[in-house]
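The values are calculated or read from the model by the stated rules, or taken from the named source; none is laboratory data. Quick caveat: nothing in here was measured; it's all calculated off a predicted structure. Positions of Cβ are backbone-derived with ideal geometry, glycine not excepted, and every protein chain shown enters the neighbour counts.
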Amino acid sequence: MPKVLTKEQIEQYHDEGFIAPVRVISENEALSIKNQLEQVEADFPDEINAQSRNNLHLSFAFLDALAHNTIIVDAMEDLIGPDIALWASVMFIKEPSSKQYVSWHQDATYMGLDSIDFPTPWIALSPSNRDTGCMTMISGSHHSEIQIHKDTFAENNILTRGQVIPEVDKSKAIDLILEPGEMSIHHGAIIHGSQPNNSDQRRIGFSLQSYVPPSIKQVVGKNIWTHIRGKKRQDNDGIELDRPKYNMDPITVEQRRVAEENLSKILYKGAKIKRKY
Ligand SMILES: O=C(O)CCC(=O)C(=O)O
């Protein structure tokens with residue numbers, strides 16, 4: 001018996017490669033998290049900014065709480081079983097009336113895992129729609145293998161390498177419209193992207209990329225996993241990530257620094273250029 005997702009949603013995830021929307025927290029709670037986020041952006045600009053956007057759940061307790069949110073984790077358990085670790089997280093912010101976009105890509109391409117079969121929840125902290133630049137999924141594209149990606153490093157492309165799949169069947173494109181506090185869940189191999197934000201408000205999405213069972217191994221580089229639920233992974237080289245007890249907990253801020261160095265080695269392996277995110 002699934003804990004959060006319906007049988008239909010689980011089927012949709014397997015058939016189409018995504019589910020949306022699923023309510024995680026109320027709009028008011030989402031607004032409160034957005035306010036906290038904007039406060040720490042103002043207070044700790046070196047720790048959180050457009051380039052320092054990965055693994056913020058290690059520096060800020062309110063984002064750690066979201067990564068461990070029971071509805072999100074129960075939904076993950078419905079898809080991958082009871083033993084769960086988080087690979088990393090990314091805060092995707094598109095500023096109002098900005099040119100930033102995300103090209104067509106498959107997440108699993110550069111994650112260095114020995115499987116492409118794992119889910120990513122993306123939690124909207126502000127309205128995510130066609131005006132603000134929501135994510136678009138190519139329905140069913142996760143059934144094919146990883147496609148060839150071309151690294152462009154394009155200035156406004158907010159993916160690490162600006163990687164793009166040149167030929168995509170857009171007739172299968174579905175826009176994921178989310179209200180603040182709702183999430184979508186997408187498969188590691190689904191082709192997806194997003195357009196610029198043409199609105200006068202920020203579009204903020206917290207991507208918990210990805211929740212992974214211990215049967216899937218890191219085969220490129222060393223990732224420092226965040227233990228979430230069930231049996232702990234055994235491939236952490238004895239490194240235990242702590243949970244921040246408060247914002248900017250020095251213990252986990254230092255752990256984030258190490259995790260970021262490792263992540264960068266994984267994501268940019270073989271790349272000609274290395275960006276700061
Ligand atoms: O936030 C976006 O527009 C894209 C995010 C994304 O590609 C992802 O979470 O996998």
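Could you please find all residues in the range 12-33 being among the aliphatic types (A, V, I, L, M) and in a helix (DSSP H, G or I)?
Once the filter is applied, which keeps residues that are among the aliphatic types (A, V, I, L, M) and in a helix (DSSP H, G or I), the range 12-33 yields ALA30, LEU31, ILE33.
Here CYS134 passes the criteria (1) surrounded by 17 or more Cβ atoms within 10 Å (Cβ to Cβ); (2) within 22 Å of TRP87 (Cβ to Cβ); (3) not charged (D, E, K, R) except the one numbered (2). List the residue pairs whose Cβ atoms are under 8 Å apart, where the first residue sits in the range 167-181 and is of a type in the set (D, E, K, R), the second is part of a helix (DSSP H, G or I), and the two are 6 or more positions apart or on different chains. That search, which allows pairs on different chains as well, returns ASP169/SER141; LYS172/SER141; GLU179/GLU27.
Just one of GLN9, GLN36 is in a helix (DSSP H, G or I), farther than 17 Å from THR252 by Cβ and not hydroxyl-bearing (Ser, Thr, Tyr); which is it?
Details: GLN36 fails: farther than 17 Å from THR252 by Cβ.
Just one listed residue meets the conditions, GLN9.
Only residues that are surrounded by fewer than 21 Cβ atoms within 10 Å (Cβ to Cβ) and within 16 Å of the ligand (Cβ to nearest atom): list them for the range 137-154, please.
SER139, ILE146, GLN147, HIS149, ASP151, THR152, ALA154
Can you tell me which condition TYR211 does not meet? The list is (1) touching a Ser or Thr at 6+ places or on another chain (Cβ under 7 Å); (2) within 27 Å of SER141 (Cα to Cα); (3) buried (at least 22 other Cβ atoms within 10 Å of the Cβ), and all the others hold. The number of the failed condition is (1).
Please find, within the range 198-222, the residue that is nearest to THR70 (Cα to Cα) out of those that are in contact with a helix residue (DSSP H, G or I) (Cβ under 6 Å, 6 or more places away or on another chain) and away from the ligand (no atom under 16 Å from the Cβ). Checked the range 198-222; the qualifying residue nearest to THR70 (Cα to Cα) is PRO213.
Taking into account only those residues within the range 92-108 that are buried (at least 18 other Cβ atoms within 10 Å of the Cβ) and in a loop (DSSP other than H, G, I, E, B), which is farthest from the chain's Cα centre (by Cα)? Ranking the qualifying residues of the range 92-108, first place goes to GLN100.
When every residue of the range 170-177 is checked against the conditions, at least one turns out to be away from the ligand (no atom under 12 Å from the Cβ), closer than 20 Å to GLN12 by Cβ, hydroxyl-bearing (Ser, Thr, Tyr) and modelled with pLDDT of 95 or more. Inside the range 224-243, residues that are under 15 Å from SER89 (Cα atoms) and in contact with a helix residue (DSSP H, G or I) (Cβ under 7 Å, 6 or more places away or on another chain) make up a count of 5. Based on this model, can you work out whether ARG229 counts as in contact with a Cys (Cβ under 8 Å, 6 or more places away or on another chain) and either surrounded by fewer than 16 Cβ atoms within 10 Å (Cβ to Cβ) or touching a residue at least 40 places away in the same chain (Cβ under 8 Å) (or both)? It is false that ARG229 is in contact with a Cys (Cβ under 8 Å, 6 or more places away or on another chain) and either surrounded by fewer than 16 Cβ atoms within 10 Å (Cβ to Cβ) or touching a residue at least 40 places away in the same chain (Cβ under 8 Å) (or both).
Here's the yes/no breakdown for (1) within 14 Å of the ligand (Cβ to nearest atom); (2) surrounded by 21 or more Cβ atoms within 10 Å (Cβ to Cβ); (3) at pLDDT 95 or above:
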{"site": "ILE158", "(1), (2), (3)": "yes, yes, no"}
{"site": "GLU179", "(1), (2), (3)": "no, no, yes"}
{"site": "HIS186", "(1), (2), (3)": "yes, yes, yes"}
{"site": "GLY193", "(1), (2), (3)": "yes, no, yes"}
{"site": "PRO196", "(1), (2), (3)": "yes, no, yes"}
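Among the residues of the range 135-155, are any in contact with an Asp or Glu (Cβ under 7 Å, 6 or more places away or on another chain) and closer than 22 Å to ASP78 by Cβ?
Narrowing the range 135-155 to residues in contact with an Asp or Glu (Cβ under 7 Å, 6 or more places away or on another chain): 136, 138-140.
In the following step, the residues that additionally are closer than 22 Å to ASP78 by Cβ were identified as 139-140.
The answer is yes; a qualifying residue exists.
Does GLU11 count as under 27 Å from PRO196 (Cβ atoms), modelled with pLDDT of 95 or more, surrounded by fewer than 22 Cβ atoms within 10 Å (Cβ to Cβ) and of a type in the set (D, E, K, R)? Answer is no for this residue.
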